[in-house]
Amino acid sequence: MQIRAESEGVMDETRRKIDKPEEKKDIKSLTLEELKQDMEKMGEKSFRGKQLYEWLHIKLARDYEEMTNLPKNLKEKCQKRYTLTSLKQIRVQESAQDGTKKFLFQLGDGNTVESVWMKYKHGNSVCISSQVGCRMGCAFCASTLDGLERSLRPSEMLEQIYLITRLTGERVANVVVMGTGEPLDNYDNLLKFIRLLTDENGLHISQRSVTVSTCGLVPQMKKLAEERLQITLALSLHATTDERRRKLMPIANKYSLEELMEACAYYREKTGRRVTFEYSLVEGVNDSCQEAQALAGLAGPLNCHVNLIPVNPIKERDFQASSSQQIQSFKNKLEKNGINVTIRREMGRDIDGACGQLRRRYQGSLEV
Ligand code: SAH
């Protein structure tokens, strides 16, 4: 078992770090109901909760000064009672190829996270991080090289989207939780984030426009199924045998493909949503025709959509992307078997598009 920091002790530590530093409540992580109740506890009318919520989640206010219809004494009380999470833009890189922007944001404690803004014809997408670092240890991924620092709070996930909306001046239509971190390793915060993001009283992004990608934490996948949300679940599969998967993803030592497929079927049964398989193609490792055939065997019965990603090589590891010819024949094989396939457009590859690369470069430049 290779996964770093797997012990309960470390989980506790992570939780303590998230919950403890401020005794003050994190106002942007509260639901409308919680905020209204809190107003009543403070001796205020509950409609003040609604006003605050609108400032935070619709008008995307960054401080109380902007909240012009609230009395001064309430703003002062709020300042004492709550922390107000806002991120700071440290860097932005814009792709000359396709307009993709990659942002490096600083959190309140000085840690940094990456978010990516992608412009599509059918609306803009934002890819957000769910943790600072990651403890899953996937072999080709830059985000995991230094392990997990901490998980993000709901407000810190929301704020990546809110700040990008403010900076670009454009509405975000789709949100993918595919940046740094394993979202299902930060389950409670992720769930609250989704509820706030899709709340009709807030930004109201539709659940169907939200995708959560997991390396395959089976118990959490099942728990998520039981929430019966309409979000898309993407499973990072990357191999079709347990043996090969274990070489790429340490989590495969913990959960077998059989258990994973069962969890996908359960997700589909409970939510009516088909699962997407993410499959990063690595030359000579998982891109053979036999592997494509085996992938079709897994995806077919579950009616899964397959998303092929040419691996984005990182300098710390020796993986190469498959040739475009190989990718095309892999895709053809799947299609011949009736599988719905897309090749992920390589957005922003000229700007350190792969998870965790910009953050690592920034950290590197600080150390010099
Ligand atoms: N922890 C989650 C989400 C983050 S990564 C997960 O594992 O799904 C989002 C996707 O990008 C995953 O499928 C991941 O395996 C893949 N990925 C990470 N680094 C990559 C790289 N260098 N090249 C191609 N795909 C990569």
Note to self: If you average the C-alpha positions of the stretch 103-162 and of the stretch 188-247 separately, how far apart do those two centres end up, in angstrom?
What the structure shows: 15
Notebook entry, point to check: Once the Cα atoms of helix 324-336 and of the chain are each reduced to a long axis, what angle between those two axes, in degrees from 0 to 90 to the nearest 10, is obtained?
Noted result: 90
Next item on the list: Of the listed pairs Lys222/Lys247; Lys223/Lys336; Lys192/Lys270; Lys45/Lys192, which have alpha-carbon separations greater than 30 Å here?
Entry: Lys223/Lys336
Check: How much length is gained on full extension from Gln230 to Asn340, taking 0.36 nm per residue of separation minus their Cα-Cα distance?
Finding: 37.6 nm
Next item on the list: May I ask you to derive the FRET efficiency for Lys45 and Arg166 from their Cβ-Cβ distance with R0 = 22 Å, giving the value to the nearest 0.05?
Entry: 0.15
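Taking K and R as +1 and D and E as -1, what net charge do the other residues with C-beta under 15 Å from the C-beta of Tyr266 add up to?
So the environment of Tyr266 carries a net charge of +1.
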Checklist line | Dipole of the stretch 168-316 [Lys/Arg +1, Asp/Glu -1 at C-beta], most positive-end residue of Leu191, Ile314, Val285 | finding: Leu191
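Using per-residue counts of other Cβ atoms within 10 Å, averaged over each peptide, order 288-297, 73-82 from highest down. Before the final figure, lay out the partial values.
Numbers: 288-297: 17.2, 73-82: 14.2.
Descending mean neighbour count gives 288-297, 73-82.
Which whole-number percentage describes the relative contact order of the chain, with Cα contacts under 8 Å and a sequence gap of 6 or more? Walk me through the intermediate numbers first.
On the way: 670 pairs, mean separation 54.9, N = 368.
This gives 15 percent for the chain.
Tell me, what is the FRET efficiency for Ile58 and Cys289 to the nearest 0.05, using R0 = 45 angstrom and their Cβ-Cβ distance as r? Walk me through the numbers before you get to the answer.
Working: r = 51 Å, r/R0 = 1.13.
Computed FRET efficiency for Ile58 and Cys289: 0.30.
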Note to self: I want the local charge near Phe319. Using Cβ-Cβ distances under 12 Å, sum +1 for each Lys or Arg and -1 for each Asp or Glu among the other residues.
What the structure shows: -1
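Between Lys75 and Lys223, what is 0.36 nm times their sequence separation minus the Cα-Cα distance? Round to one decimal in nm. Present the calculation step by step, with values, prior to reporting the outcome.
Values: separation 148, 0.36 × 148 = 53.28 nm, distance 3.85 nm.
Difference between extended and current length: 49.4 nm.
Please list, by residue number, every one of the GluC sites (Glu not before Pro) in the stretch 145-205 that is coil in DSSP and has at most 13 other beta-carbon atoms within 10 Å.
On the way: sites: Glu149, Glu156, Glu159, Glu170, Glu200; in loops: Glu170, Glu200.
Filter output for the stretch 145-205: Glu170, Glu200.
Here, each number is a calculation from the coordinates, and none is a lab measurement. Because the structure is a prediction, the values reported are computed rather than measured. Don't worry about glycine lacking a Cβ; one is built from the backbone with ideal geometry, like all the others, and counts go over all protein chains shown.
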